[in-house]
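*Asks:* To start, I am sharing the structure in question, which I have written as C-alpha cells.
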Amino acid sequence: MKMNIETIPNYRIAYVRQMGPYGPANAKTMEKLKKWAAEKHLLTESAILFGIPQDNPDTTLPENCRYDACIVISTDELTDDSIDEGEFSGGEYAVCTVKHTPEDVQKAWADVFPALQQSGYRMDHKPVVERYTGKMVAEGFCELCIPVIKN
C-alpha cells in the first residue's frame, strides 16, 4: 500500500452532520452538502471535501454515530442557517490514495493500520478522514487520511 505522511493545515469548513449508523446515509449526507456547495459555486476541481466519521462504531452505539460531510471554505465565505460551520483540525496524517469503490475503500481500511505500524507511526486520537477533490472524484479516487504521531 502506498502511503505518504502529510501535514494537513487547519481549515474553515461548512458541514452537514448525519446521526445514526454509518453506511448509505453517509452518501446522502454528502449529496446534501454538495447541493449546498453547488448553489454557492464552491464545487470546483480544486474544492476539498472531507467525509469524517466522528465515532468508532466498535465502541459507539450505531444510533449515536456522527458523520460529517464537509467542504473547505474561505474565511470570507458566507454561510446560512442550512449548513453548520466549524474548523478542521489539521496535523500529521498518513495519506493513502485509493479507488473510490466500496470494495477498494474497505480493503484499504483493512490494510492501512498494519502498514501504519510498520512505518514507525501510530494513530493519533482524532477522527480518520476521507478526503476528496473535484479532480479526484472525476477520476474515481479518494484519499484515506489517518491522523498519526511518530512512535
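The values are calculated or read from the model by the stated rules, or taken from the named source; none is laboratory data. Quick caveat: nothing in here was measured; it's all calculated off a predicted structure. In this analysis, Cβ positions are derived from the backbone assuming ideal geometry, glycine residues included, and neighbour counts consider all displayed protein chains. The accessibility values were calculated without ligands, DNA or RNA, using every heavy atom of the protein model including side chains. Shrake-Rupley method; radii C 1.70, N 1.55, O 1.52, S 1.80 Å.
*Asks:* Given the Cα atoms of segment 97-151, and with Rh set as the inverse mean 1/r over their pairs in the Kirkwood sense, what is Rg to Rh to two decimals?
*Replies:* Details: Rg = 12.1 Å, Rh = 11.9 Å.
Dividing the radius of gyration by the Kirkwood radius yields 1.01.
*Asks:* Could you state the accessible area per residue of the chain in Å², with a 1.4 Å probe and every protein chain left in place?
*Replies:* Values: 8660 Å² over 151 residues.
Heavy-atom SASA per residue in the chain reads 57 Å².
*Asks:* State the percentage of accessible surface on the chain attributable to carbon and sulfur atoms; use a 1.4 Å probe and exclude ligands, DNA and RNA. Numbers along the way, then the final one.
*Replies:* Details: 4550 of 8660 Å².
On the chain, the fraction of accessible area on carbon and sulfur atoms equals 53 percent.
*Asks:* From zero outward in steps of 5 Å, how is the percent of C-alpha pairs of segment 6-75 spread across the bins?
*Replies:* Binned Cα distances yield the sequence 3, 17, 25, 21, 16, 12, 5, 1.
*Asks:* Do any of Lys35/Lys107; Lys28/Lys107; Lys99/Lys150; Lys34/Lys150; Lys32/Lys107 go past 25 Å between their Cα atoms, and which?
*Replies:* Numbers: Lys35/Lys107 29 Å; Lys28/Lys107 22 Å; Lys99/Lys150 27 Å; Lys34/Lys150 35 Å; Lys32/Lys107 27 Å.
Result: Lys35/Lys107; Lys99/Lys150; Lys34/Lys150; Lys32/Lys107 exceed 25 Å.
*Asks:* Just need log10 I(q)/I(0) for segment 71-129 at q = 0.14, 0.15, 0.17 Å⁻¹, Debye formula, equal scatterers on the alpha-carbon atoms, no solvent, rounded to two decimals.
*Replies:* Evaluating at q = 0.14, 0.15, 0.17 Å⁻¹ gives log10 I(q)/I(0) of -0.61, -0.67, -0.78.
*Asks:* Also, quick follow-up: Angle check, please: helix 102-118 long axis (alpha carbons) against the longest principal axis of the chain (alpha carbons), in degrees 0 to 90, nearest 10.
*Replies:* Roughly 50 degrees between the two axes.
*Asks:* Report P(r) for segment 25-151: all Cα-Cα distances, bin width 10 Å, range 0 to the bin holding the largest distance, values in whole percent.
*Replies:* The percentages, shortest bin first, are 11, 40, 36, 12, 1.
*Asks:* Taking Cα atoms, how many degrees apart are the long axis of helix 24-39 and the longest axis of the chain, rounded to 10 and kept between 0 and 90?
*Replies:* The answer is roughly 50 degrees.
*Asks:* Then there's this: Helix-only mean residue ellipticity at 222 nm, the chain, DSSP H runs n ≥ 4 weighted -39,500 (n - 2.57), per residue, nearest 500. What is it? Walk me through the intermediate numbers first.
*Replies:* Working: 3 runs with 39 residues, N = 151.
Roughly -8000 deg cm²/dmol at 222 nm, from the helical runs in the chain.
*Asks:* Just the accessible area for Phe88, please: 1.4 Å probe, Å², rounded to the nearest 10?
*Replies:* Result for Phe88: roughly 10 Å² accessible.
*Asks:* In square angstrom, rounded to the nearest 10, how much accessible surface does Met19 have for a 1.4 Å probe?
*Replies:* 110
*Asks:* Suppose we flag GluC sites (Glu not before Pro) only when DSSP calls them loop and at most 15 other Cβ atoms lie within 10 Å. Which is the longest uninterrupted stretch of the chain?
*Replies:* Longest site-free region, per DSSP loop and neighbour criteria: 78-151.
*Asks:* Which of Leu61, Leu116, Leu42 moves the most in a Gaussian network model of the chain with Cα springs under 10 Å?
*Replies:* Evaluated over the chain, the most mobile residue of the options is Leu61.
*Asks:* Now, a different point. So what is the relative contact order of the chain, in percent, for Cα pairs below 8 Å that sit 6 or more residues apart? Don't skip to the answer; put the middle values down first.
*Replies:* Details: 285 pairs, mean separation 49.0, N = 151.
Rounded, it is 32 percent for the chain.
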